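Before any comments, here is the structure.
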Amino acid sequence: MRLGVFICHCGSNIAGTVDVAQVAKQAEAYPDVVYSTDTLYACSEPGQEGIVQAIQDYSLDGVVVASCTPRMHEPTFRRAVERAGLNPYKFEMANIREHVSWVSKDKKANTAKAADLVHMAVEKLRQDRPLHPKTFDINKRVMVVGGGVAGIQAALDCAEGGLEVILVEKTTSIGGKMAKLDKTFPTVDCSSCILGPKMVDVSMHPNITLYAYSEVEEVGGYVGNFQVAVRKKATYVDWDKCTGCGLCMEKCPSKKSYDAFNEGIAPTTAINIPFPQAIPKRAAINPDYCRQFTRGKCGVCAKICPTGAINYDMQDEMVTEKVGAIVVATGYDLFDHSKYGEYGGGRYTDVITSMQYERLLNASGPTSGHIARPSDGKEPENVVFIQCVGSRDKSVDRPYCSGFCCMYTAKQTILTKDHLPDSQSYVFYMDIRAPGKQYDEFTRRAMEEYGARYIRGRVAQIYPQGDSLIVRGVDTLMGTQVEVRADLVVLAVGAECAQGAGQLAETLRISYDTYGFYMESHPKLKPVETNTAGIYLAGCCQGPKDIPASVGQGSAAASKILALFSRDQLESDPQVAQVNQGRCVGCGKCISTCPFGAIQEIQDRGGNTKAEVIETICQGCGLCSVTCPQKAIQLEHFTDNQILAEVNALCQPMMEESFE
C-alpha cells in the first residue's frame, strides 16, 4: 500500500499555531507513507491539483489530508482523489484546525497533537476498503409543509419548474402571518396586495394540490422516495360544495368563538371564513363553540346553506402521498406576553401585542382599520410601544434577537400617525437593529417625519390609573426615570418556534435547537438543507427572519430540489450499517434504537428472525452498531477494526511504556 499525506497551512489558521512542516516530516515515518508534504491551501485549485498530480506521480493507493473539519471540505477532497482514479473512500481527513490550532496557542503541544491525529488517520486509511454507492429511482413530486409566504414561494417555484407539488397547511387558509399584516416595511405597501396574487396562483396552478386544515402525521422512506401520511382534519363543511358565500356566518347564533386569525382581539362566529382573501375561501366549524356540538341542537347553518355543504358527521381523513423531497416552512409563533407580570401579565385589556395591533390597523380586521382601544372603543391619544418583549431576555429563556421587531414597531408608529394625526407614539427600546436595505432610513423617518419619540431603556412596570395606563421605565441616555401616561400599550413580542415544531422534527427526523427552531446542515454553506437528505428548510421555522429573507429561502429550497430532480436516479451513500446474518440473533434492539427507521425484521431461509438494513434510509449514525450485543452490525467506513486502528495509533507510546 502506498499512501500520501498532505498537511494544510490554511493561511495562518493552522500554520500560526502548528509547525506544519514538522508534522509533514513526521508523517514520512508512518507505515506505508511514501509521500508527505505541506501545502498553503489544500482546498484551493492548485492544492487539489497537487494532490491529483502526487497520486499519479507516486502511484498512491490512498490519501490523508490534514486541514479543517470534514463537514466543510471532505466532499471536495473526495472528488479530487476520484478525479485521479482512486476510490473516494480511500481518503481520510484529519481535523487539525477546529481540533488543534483553534483551541490552543501552545505551538509545541499543537504540533504534537496534530502529528497524532495524522497518525490516526493514516492507520485508519490502511484499514479502509473501497466503497461503491448504489443508484435508485426517484419520485419527482414535492411536499411543502406550511403555507406561509416562504412555503408559497417554494411551492410556486417548484411548480413552475414542472414538478408536482403537495402543499400542506394546518389552518383553513394559506397566507401565514403575512396575511394578518396591514402594511409591510420599509415600503409601507399593502401586505395583502403583495401576497394575495401569490395565494391565488397557488389555488389556480395545475401542478399544485392544496391540503388546507391538514397536518403531517407520519413520514417514512428516504430521499427520492418518501411516504407521507397527512391528516385532513374535519371542517364539518364539504368544501367541494361550499361556495364561500358567507351566509352561514351571517346567520350563525354563536358569535363568541375565539378568532385566531384576529389574535383574539374580537370574537367571531362558530362557523367562519378567516378573512376575505382566504385561499381556499371555504367555511369551517369550530366544534368547541358550535351549539350543535356543545348543546346538541341548533343546525342553523345547515338549514340556510344553499348548497347543503354542512356535514356534522364529518370525520378526519388520512391520505398518503409519495414524494421525493420535502420543504419544511412551518413558520413561527409569537411569544406569550402574559409571562411578563410587570406588563400586566395579560390582565390589562389595553395592553395588546403587536400582531393584535396589526389587526386593528388592517381594513379587514375587527374594527375595519379604525384604531380603537379594546376596553372602551375610544381612539387613543398616547400610544406606547415596548420593544424586546420575549427577545434578548434570558429571564424568559429568550436570549436571541427576533430580528424584525424594531422594524415593524417603526412601521406601526408611522401607520398610527397616518390613522390618528393628533396621536403621539412613544417607543421604549434597547437598541435599534435595522441592518437591511433602507431599514435604517425607515426608522429615522419614523422619528423625524412622524414624530415618534424613542426612549432608550427598559420598562419596569405598567399599572392602571383611571382609564389610562402608566408606563414606568428608564431613559438610559438621559440617566433618568420616565413615566408616560398611555391610552394604549403595544408590546413588540418576539418570535418563537411554531407550536408542535419539536414533534414535527421528530416525525421528519431532522434536528432542532434549544429553542425549537430547525437546524440547517451548515449555517453558511448549506443554509436551507438539513442533515436528512431530501428535506429542506424555508422561512422562520429555521430562525426569525423578515419577509424578503423568507421568500429568498423559499426560492433557495426550490432550487435545491430542482437540482436534485435534474437526474432520474440518485446515488446512496455507501457509509451505511451492514448486518452479519451469521451473528445476528434477531433480538431487535437495533430496530428499536434506529432513529431513522432504517432497520427491518426479516426471516432467513431457516425461518429465523434477523435484522436487515435498508441502505437508502440509513444515515450512517452508528447507533445500531454500538447497541448490538452480538456485534453483528458494522458501520461501513467506521468498522470496529478501523476505529481500533486509530486508538492503537494514539495509545501506542502508552502501551509500550513500562509501569514497573
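The values are calculated or read from the model by the stated rules, or taken from the named source; none is laboratory data. As the structure is a prediction and not an experimental result, all values here were calculated from the model. All Cβ positions, even for glycine, are placed from backbone atoms using ideal geometry, and neighbour counts span all protein chains on display. Side chains are part of the model used for accessible areas, which takes the heavy atoms of the whole protein and leaves out ligands, DNA and RNA. Shrake-Rupley method; radii C 1.70, N 1.55, O 1.52, S 1.80 Å.
Quick look at the numbers
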| read-out | value |
| --- | --- |
| Top-ranked residue in the stretch 510-535 [being in contact (Cβ under 8 Å) with a residue 24 or more places away in the chain and not in a loop (DSSP other than H, G, I, E, B); ranked as nearest to T69 (Cα to Cα)] | H522 |
| Which numbered condition L360 fails, given (1) open to solvent by less than 40 Å² (accessible area, probe 1.4 Å); (2) within 19 Å of R445 (Cα to Cα) | (2) |
| Residues located in the stretch 199-218, provided they are open to solvent by less than 20 Å² (accessible area, probe 1.4 Å) and either of a type outside the set (V, I, T) or under 13 Å from V319 (Cα atoms) (or both) | M199, A212, S214 |
| Some residue of the stretch 249-269 being hydroxyl-bearing (S, T, Y), open to solvent by 30 Å² or more (accessible area, probe 1.4 Å) and in contact with a Lys or Arg (Cβ under 8 Å, 6 or more places away or on another chain) | no |
| T269, sole failed condition from (1) touching a residue at least 24 places away in the same chain (Cβ under 8 Å); (2) farther than 16 Å from R359 by Cα; (3) of a type outside the set (F, W, Y); (4) in contact with an Asp or Glu (Cβ under 9 Å, 6 or more places away or on another chain) | (1) |
| Yes/no for I326 being assigned to a strand (DSSP E or B) and either open to solvent by less than 20 Å² (accessible area, probe 1.4 Å) or touching a residue at least 60 places away in the same chain (Cβ under 8 Å) (or both) | yes |
| Residues located in the stretch 420-455, provided they are open to solvent by 20 Å² or more (accessible area, probe 1.4 Å), among the polar types (S, T, N, Q) and assigned to a strand (DSSP E or B) | Q424 |
| Matching residues, the stretch 109-122, being within 16 Å of N648 (Cα to Cα) and either free of Cβ contacts under 8 Å to residues at least 40 places away in the same chain or open to solvent by 30 Å² or more (accessible area, probe 1.4 Å) (or both) | K113, D116, L117, H119, M120 |
| Selection from the stretch 25-47 of residues that are open to solvent by 30 Å² or more (accessible area, probe 1.4 Å) and either within 15 Å of L86 (Cβ to Cβ) or in a strand (DSSP E or B) (or both) | D32, V34, Y35, T37, D38, T39 |
| Options M143, M72: the member that is modelled with pLDDT under 95 and out of contact with any Ser or Thr (no Cβ under 6 Å at 6 or more places or on another chain) | M72 |
| Matching entry among Y30, Y41 (being over 40 Å from the mean Cα position of the chain (by Cα) and aromatic (F, W, Y)) | Y30 |
| Among (1) open to solvent by less than 40 Å² (accessible area, probe 1.4 Å); (2) touching a strand residue (DSSP E or B) at 6+ places or on another chain (Cβ under 8 Å) - the single one T76 does not satisfy | (2) |
| Positions within the stretch 374-393 being assigned to a strand (DSSP E or B) and not β-branched (V, I, T), in sequence order | N382, F385, Q387, C388, D393 |
| Hits in the stretch 50-66 - residues which are in contact with a Phe, Trp or Tyr (Cβ under 8 Å, 6 or more places away or on another chain), surrounded by 14 or more Cβ atoms within 10 Å (Cβ to Cβ) and either in a loop (DSSP other than H, G, I, E, B) or not β-branched (V, I, T) (or both) | G50, A54, L60, G62, A66 |
| Out of V237, V219, V168, V230, sole residue that is touching a residue at least 24 places away in the same chain (Cβ under 8 Å), in contact with a Lys or Arg (Cβ under 9 Å, 6 or more places away or on another chain) and under 22 Å from A533 (Cα atoms) | V219 |
| Residue that is nearest to G345 (Cα to Cα) [pool: residues in the stretch 456-465 that are open to solvent by less than 50 Å² (accessible area, probe 1.4 Å) and touching a helix residue (DSSP H, G or I) at 6+ places or on another chain (Cβ under 8 Å)] | I462 |
| Residue within the stretch 338-361 that is of a type in the set (S, T, N, Q), assigned to a strand (DSSP E or B) and closer than 27 Å to G220 by Cβ present | no |
| Any chance G377 is open to solvent by 40 Å² or more (accessible area, probe 1.4 Å), of a type in the set (G, A, S) and farther than 22 Å from R472 by Cα | yes |
| Subset of the stretch 114-142 that is in contact with a Gly (Cβ under 9 Å, 6 or more places away or on another chain) and of a type outside the set (V, I, T) - its residue that is nearest to S104 (Cα to Cα) | L125 |
| Inter-residue pairs, beta-carbon under 7 Å, first closer than 17 Å to H99 by Cβ and touching a residue at least 40 places away in the same chain (Cβ under 8 Å) and in the stretch 10-30, second assigned to a loop (DSSP other than H, G, I, E, B) and open to solvent by less than 20 Å² (accessible area, probe 1.4 Å), 6+ apart | C10/C68; I14/I96; V18/I96 |
| Listing of strands (runs of 3 or more DSSP E) fully contained in the stretch 132-171 that carry 2 or more residues being of a type in the set (V, I, T), open to solvent by less than 60 Å² (accessible area, probe 1.4 Å) and farther than 16 Å from G196 by Cα | 141-145, 164-168 |
